[in-house]
Amino acid sequence: MLLRDWRAGELRILAAALVIAVASVTSVAFFADRIGQALERDAHQLLGADLVLASDRPWREEVAAEIRSRGLEDAAALNFMSMAVANGQNLLAGVKAVTPAYPLRGRLRIAPAPGAPDAPAERGPGRGTVWVEERLVAALNAPVGSRLRLGRAEFEVAAVLTLEPERSANFFNIAPRLMMNAEDVPATGLVQPGSRVTYYLYAAGPHDKVRALEASLKTRLERGQRLDNLETGRPEVRQSIERGRSFLALTALLAAILAGVAIALGTRRFVERHLDGCAVLRCLGATQAKLVALYGMEFAILGVLACTAGVVLGGAAQEAVAAALTGIMKTTLPAPTLLPAAQGFLVGLVLLLGFALPPLLQLKNVPAVRVMRRESGTLKRGALAAYACGFVALCGLLIWQAGDMRLGVTVVGGFAVAVAVFFAVAWGALRLLTRKSVVRLFGRRMRYGLANLRRHARSNAVQVASLALGLTAVLLLTFTRNDLVDAWRRAAPPDAPNRFLIGVQPDQLAPVKKFFDQRQVAVPDLYPMVRARVVAHNGRAVSEADYTEERARRLVEREFNLSYLEQAPAHNRIVAGSWFAPDARELSVEEGIAQRLGWKLGDELTFNVGGQAFSARISSLRKLRWDSMKVNFFVIAPPRVLEGFPATFVSAFRLEPGKEAVVNELAARFPNLTVVDVGAALRQGQAVIDQLIGAVQFIFLFALGAGLLVLYAALVSTEDERRREAAVMRVYGASRAQVAGSQRAEFLAMGLLAGLLATLGAAAIGQLLARRVFELDLPPSPELWIAGPLAGLALLSLNAWLSSRKVLRASPAITLRESV
C-alpha cells in the first residue's frame, strides 16, 4: 500500500511536509544547541576562564596541580591596590599581576596611545613592563615609553590597556587598572604579610571536566575563598544569554507549529482521497481492525522514513550553514549533541500520528454503501479523544524542546487559543460575508466565489484558521521578531552610562550638578547610599553559617548598599507586592537576592548601620535591569527610615569620547569623589548582546525559509477539491474566465480574512512574549498591521493563480471521471 500510494503521488505532499517539518525543527534545534554552547563558551571570556578561584590568601600549590592533573588549562593572578608614581604625580591604581597564560578565555586588547585603535594582545605584559588604562596615562602624564614607579621598582609603560575580559562593572573596581607580570611582584616589595591581596586561579577546558573540578573544590573551600562561574560571577551577562536562548527556543517552537499546520492539511488530503478505497475494502470483507492496522502500519513506515530523512536533511543543512556562519561570527561552533535529533524525530512522529490517527479512525467507520452513495460517516468520539491526546503530546514535546516552561506554555497556549479564536471568527465572518444581502452587492464572478465560501463554510473556516495560524508564525518570525530584537537592543543601548560616580557628600550635591551643567554633560541622577549589614531575619540572628550556597554566604557576610527613595526607579519593575508609602517602615528588595536568601513578602529584616540598628518589613520585590548599566540597589527604603543615617550619593552618567578631561577636572575640583570607568565592561556586554542578536537573526532567517515551504505545502493540500469544483462549473457551461474569477474571489476573501486574523494573533502573542518572557517593552508596529493583510492577500492570490492554471489545463471530463 505504501509503495502503491507513493507511486500514485498520494503521499508525496504529506511526506514532503513531514520531511520539511522535521528538517526545520531539527536544524533549528541543532543550531540552538550549538549556538547555545558557543554563546556560553564565549560568554566565559567575560570571566577570563570557565572557572575562577578567588581567595584572600595564596592558594596551595596542590590546587593548581589538581587543575593541571584534570587536563585543564590554568593561569594565576594577584589583585591589589597601590600608588603609581610618575613625573611627580601619583594616583591609586588597581594592580593586577598575571601569568603569561592569562586570560584563558577572551583576549586582552592594547593600544599604542590613548584614543588610538587597539588590537588583541598575544600575551600579557613582559618582565619589566606594565600596561595601564587611559586614566593613568592622563593623570600621571605617563605615555607609552615613559617610566613609572610602583613600590620599590620602576617599569616601562609598554601599552595602553583598553580591554580586560574579567573586569566587571561594580563599585569595587574604582581604581584605574595597571597590569604587570606576576614575576615582577617580589621586586616591588608591595605584597607583605597582612597586605590586602586577592589571589586568583583560572581554569578552562571541557565542560564536564570543569564541572567536576568545581564540584571537587566546593567541598574544600575555606573562609575567604570562593568559586566564580558565569552564573555567579556576571549577572548582567547571564541575563543577556538567557534572553538569547529564549529567542532561539521561540524560533524552534514557531517552526514546529508551522509543521503542524502543514501535516494537518496534508493528512486531510490523504484521507479524503482514501475514503472510496476504504469503502471498496469494506465491501470485500475487510474489518475495521484490519483497516486501522493496514493504514496504521503504512503511516508508521512513512513516519519513520520521513522523520529519518528530515533529521539527516536538518543535520546536513545546519552543517553547511554552520561552516559559513563560522566565518561571519569569527568563532568555531561546538559539535552538536544528539538531543536535537531525538527531539526532531519525536516531534515528527507525534505530529504525524497526532493528526493521522483521528482520520484513520474516520476511515474505519466509512460505510460500505459509500461506494454508491458517497457517504463518509461522521467523526466519532474516539477520534476526538485521539485528537486531544495527540495535541497534548505535541504540546508536551514542544515545551520540552523550548527548554523554558514559561516560554513554551506562552507560545503553545497562545497558539492553541489562536486556533479556536481563528476558527470561530473565520466561520462567523464567512457566514456573514455570504449572506444574500451582501452577495447581491457584487458581480457574477464574485457571487460564484462567495457561494463556494458559503457552501463549504466549515471546511473553509478550518482552512482560513490554518492559514492564519501559519501566517501568524511567519509574521512573528519577521516583523514581530524584528520588533523584539530592536526592543532588546534598546534594553542595553549604546548610549548607556559608562561612568559611575561615588562618594558625593550631601553638601556637594548642588556643586556637582552645577559642574556637570557647566561642562555640557547631562546632569546625572544622584542616589543616596547607606552602608549596612543585615543582622536579623524575622527576629532571628543571621550568619553565613545559615546558608550552604557560596554566593548567599558572601552576600550575608558583606555590607549592603541601601538607598532611600520616594518613588521606584524607572528602570526597576515591581513583580510582587506594592511600593511602600512615604511614611511606612517597609522595604523594597530585588527578587533575585530575596530568592537566594529566602526572604519573602512580609518578612522583617534588621540592619546595622554604624552600630545603630533598624527593622522594616518587605513590602515589594523588584526586577532589576542589570544590563541597563544604571545604578541599582538590592534594598530600598522610604526616606524616613534611612535619612537619619550617614549617607553618600552615587550616580551613573555617560561621558562622550573626547571629553575624558572632564573626569580629571572633576577629580581636581572634588578630590573625595571617585569616578569608575565602566566603558570597557559596557563594550564587552554590548559585544555579547550583538553576537547573540546576530545568532538569533540568522536562526530566524533559516526557520522562516522552512516555514514558508511548509506553508506552501499546506496551501497545495486543497488543490483536489478546487479542481473538482471547477470541473463541475465547466460542465455546466462556465467559461474559463468565470472559473478563474470565482476562485480568485474566493481566495482573495479568504486571504484578506486570514491576513487580518494573523495580524491580530501576531500582535497579541508578540506582546505576550515581550512582557512575560523577554521582559521587554514592545511598542505597536504599524508595519505589522499593513504587512499582515497584504501577506494574506499575496499568498492566496499566488495560490489562486497557480491553482487556476492547473484547473484550466485539466480536462473536466477526466477530472470528474477520476472523482466517480
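The values are calculated or read from the model by the stated rules, or taken from the named source; none is laboratory data. All figures in this text were calculated on a predicted structure; none of them were measured in a lab. Virtual Cβ from ideal backbone geometry, glycine too; neighbours counted across all protein chains shown. To get the accessible areas, we keep the full protein, side chains included, count just its heavy atoms, and leave off ligands, DNA and RNA. Shrake-Rupley method; radii C 1.70, N 1.55, O 1.52, S 1.80 Å.
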Report summary line: Violations at 30 Å Cα threshold for listed pairs LYS96/LYS630; LYS209/LYS630; LYS96/LYS659 -> LYS209/LYS630
**Report entry** In order through region 587-602: 3J(HN,Hα) via Karplus (6.51 cos²θ - 1.76 cosθ + 1.60), integer Hz, x for Gly, Pro
**Finding:** 9, 10, 10, 5, 5, x, 5, 5, 5, 5, 9, x, 8, 10, 4, x
Requested in this report: For an R0 of 51 angstrom, estimate the FRET efficiency from the Cβ-Cβ distance between ARG196 and SER578 and round to the nearest 0.05.
Outcome: 0.75
Query raised in the report: If you take the beta carbon distance between ARG273 and ALA424 as r and set R0 to 41 Å, what does 1/(1 + (r/R0)^6) give as a FRET efficiency, to the nearest 0.05?
Result: 0.90
Query - Nitroxide proxy distance, nm - points 7 Å out along Cα→Cβ at ASP603 and ARG147 - result: 5.8 nm
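What FRET efficiency would be calculated for the residue pair GLU154, GLU783, taking the C-beta separation as r and a Förster radius of 45 Å, to the nearest 0.05?
Using R0 = 45 Å, I get an efficiency of 0.10.
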Report task. Would you check the accessible area of ASP507, probe 1.4 Å, heavy atoms only, in square angstrom rounded to 10? Result -> 120 Å²
**Report entry** Sequence ranges 17-25, 280-288, 343-351, ranked by mean other-Cβ count within 10 angstrom, highest first
**Finding:** 17-25, 343-351, 280-288
**Report entry** Distance in nm between pseudo-label sites at ARG617 and ASP118 (7 Å out along the Cβ direction from Cα)
**Finding:** 5.0 nm
Query raised in the report: How far is it, in nm, from the label point at THR308 to the one at ALA794 when both lie 7 Å from their Cα along the line to the Cβ?
Result: 4.0 nm
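How much length is gained if the chain between VAL280 and ASN90 is pulled fully straight, taking 0.36 nm per residue apart and subtracting their Cα-Cα distance, in nm to one decimal?
Computed gain between VAL280 and ASN90 is 58.5 nm.
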Query raised in the report: Label 7 Å along Cα→Cβ of ALA64; region 91-113 residues with amide nitrogen under 20 Å?
Result: 95-105
